[in-house]
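Input: a single structure, listed below in structure tokens.
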Amino acid sequence: MEDFNESFNNENLPADINKAFLAKRKRLETFTKSSVKTSHQKIEQLWRFNAVFSQWDTDVQKSKDNEEKLLSMFQHQQKMFQHKRASQSQRLKTLKQLLEQYIQSLDTMEKTHVSQQGAAQGELRQEMALFQKKILSDTQQQEMASLCRRC
């Protein structure tokens, strides 16, 4: 560019045109530097945005992965709870049946006991009655024998 300036100086252009040209050249350089600087800043901002966006995208993906893991764990826990509930329900049902059987057995045993007790008491009464008759009979025989000895 200096050669260009010198050629204009050599041709003896009027000073106003030369000043106007230099001023325009200065403004063009300033504008170009400013544009380059602004473009560079914009590019840096885009790179920063891209980095932030990339990190955000990574975070979103991690969040989705974690959500899927949590959902899978929740479903697994839910299945375990359902299985445990079914198992406990079956155990409770078995316990109820066993309790009913136990109560029926107690009932049957009580009836049998009452029946056996009644039978035993009946036999005892009969035996006591027989013993009383025998004692009476023995007593009468002894009294008769003692009377006969006196006679």
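The values are calculated or read from the model by the stated rules, or taken from the named source; none is laboratory data. Everything quoted here is computed from the prediction, not taken from an experiment. As a convention, Cβ positions derive from the backbone with ideal geometry for all residues, glycine included, and neighbour counts pool all protein chains shown. The protein model used for the area step is the full one, side chains on, heavy atoms only, and it has no ligands, DNA or RNA in it. Shrake-Rupley method; radii C 1.70, N 1.55, O 1.52, S 1.80 Å.
Measure nothing but the geometry: give the 0 to 90° angle between the long axis through the Cα atoms of 15-150 and the longest principal axis through the Cα atoms of the chain, rounded to 10°.
0
Taking just the alpha carbons, could you work out the radius of gyration and Dmax for region 57-112, both in angstroms?
Taking only Cα atoms of region 57-112, I get Rg and Dmax of 23.9, 81 Å.
Using a 1.4 Å probe over the heavy atoms of the protein chains, calculate the carbon and sulfur portion of the accessible area of the chain as a whole percent.
About 58 percent, which is the carbon plus sulfur part of the accessible surface.
Hey, with R₀ at 30 Å, roughly what FRET efficiency would S34 and K62 work out to, going by the Cβ-Cβ distance, to 0.05?
0.10
Rolling a 1.4 angstrom probe over the protein heavy atoms, how many square angstrom per residue are accessible across the chain? Could the numbers behind the result be given before it?
Working: 14650 Å² over 151 residues.
Ligands and nucleic acids excluded, the result is 97 Å² per residue.
Once every DSSP H run of n ≥ 4 in the chain is given -39500 (n - 2.57) and the sum is divided by its residues, what mean residue ellipticity at 222 nm do you get, rounded to the nearest 500 deg cm²/dmol?
Estimated from H runs of four or more residues: -36500 deg cm²/dmol.
Find the Rg to Rh ratio for region 9-151, where Rh is the Kirkwood radius over alpha-carbon pairs and Rg uses the same atoms.
That ratio equals 2.06.
GluC sites (Glu not before Pro) within region 103-151: which are DSSP loop residues with at most 11 other Cβ atoms inside 10 Å?
Answer in residue order: no site qualifies.
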